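One structure is given here, and the rest of the page talks about it.
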Amino acid sequence: MASGTDYPKLANQPLNLVLAEFRFSEIAKIATYIPDIQEQLRKQYPDFKQHRRHTIQLNESGVVAAGDATTLWTMVGAGRQKGIQIEGGRLIYFCSAYDRFPSFQAECMEVICVLIEVAAPGLLHRVGLRYNDLVVADDDNVDAYVNPSWHMPAGLAGLGGAQLYRTETVLSTAVGVLAARTLTGKHAHSIMPDILQLGLPINVRINNNPERWSTLLDFDHFWESEPGVDFTADHAQTTLGNLHEPAREAFWKTTTEEAKKRWS
């Protein structure tokens, strides 16, 4: 594993959201466990809410809700920089005040250990670790921040004025699957649009000038298993830890040395 010397702490990092996702075998009576989970976590995450979420589909009649609504619960810390979302087969831990991975992992595992103690999920099917960076160019030259392989193709740029450019590269890693995505242009997005569909419960640093060029960098590294494995704290912690290094390396290889100097 690379040392902290290889990846020095960036004082002005563009990172504005990190989330860890844990999917497990469905617990039909999850609602009965929520009060005990909330009681153990309420001092750290006092803002507790229950939500109903509909799946949205488009058809010839327009936008419609599809199927039954899903019930989920959120628990958010003071300052709204850290939060938890729980539903019948999934827990997501959100953080917009990320320092270093060990402290983030410890916070996740504190929540996971409470989930295991109270609800005892049977199988662990997926662990995901996702980093979202908001890169705003003061001089409108976002290409200076990311390596040329992520720039808009010169042939297309020559056809007209650039508006919005998306990229996605999906890799098989020794741990699972790593999806690296970018969204570049003059837009108001602060996080990848699909993350918003989760119902983001915390505050994040926003892009407050949609007329200025910006790039979203999204590194989504996940392990999953259809048959699943026993949902233990050791499995969850080890898998989350294994997902971290390739995701961090992807950021460092995607961004330029000039960018990292500006963020230092």
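Against the numbered list (1) within 19 Å of the chain's Cα centre (by Cα); (2) modelled with pLDDT under 95, Phe24 comes up short only at (2).
For Tyr165, are the conditions met, namely being surrounded by 15 or more Cβ atoms within 10 Å (Cβ to Cβ), touching a Gly at 6+ places or on another chain (Cβ under 9 Å) and not aliphatic (A, V, I, L, M)? Spelling it out, Tyr165 is indeed surrounded by 15 or more Cβ atoms within 10 Å (Cβ to Cβ), touching a Gly at 6+ places or on another chain (Cβ under 9 Å) and not aliphatic (A, V, I, L, M).
Within the range 28-43, residues that are β-branched (Val, Ile, Thr) sit with their Cβ atoms under 9 Å from residues that are exposed (fewer than 12 other Cβ atoms within 10 Å of the Cβ), at 6+ positions apart or across chains, in these pairs: Ile34/Gln50.
Residue-by-condition table, conditions (1) among the charged types (D, E, K, R); (2) in contact with a strand residue (DSSP E or B) (Cβ under 7 Å, 6 or more places away or on another chain); (3) touching a residue at least 60 places away in the same chain (Cβ under 8 Å):
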residue	(1), (2), (3)
Val204	no, yes, yes
Arg212	yes, yes, yes
Leu216	no, yes, yes
Thr232	no, no, yes
Thr239	no, yes, yes
Trp252	no, no, yes
Thr255	no, yes, yes
Lys260	yes, no, yes
Trp263	no, no, yes
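Checked against (1) over 22 Å from the mean Cα position of the chain (by Cα); (2) in contact (Cβ under 8 Å) with a residue 12 or more places away in the chain, Asp143 meets all criteria but (2).
Of all residues in the range 105-117, one or more are closer than 20 Å to Leu178 by Cβ and either surrounded by fewer than 19 Cβ atoms within 10 Å (Cβ to Cβ) or within 18 Å of the chain's Cα centre (by Cα) (or both). Quick check on Glu245: is it part of a helix (DSSP H, G or I) and either over 16 Å from the mean Cα position of the chain (by Cα) or of a type outside the set (A, V, I, L, M, F, W, C) (or both)? Considered against the rule, which asks whether it is part of a helix (DSSP H, G or I) and either over 16 Å from the mean Cα position of the chain (by Cα) or of a type outside the set (A, V, I, L, M, F, W, C) (or both), Glu245 comes out as yes.
The values are calculated or read from the model by the stated rules, or taken from the named source; none is laboratory data. This is a predicted model, so every value here is computed, not measured. We place every Cβ from the backbone using ideal geometry, glycine too, and count neighbours over all the protein chains shown.
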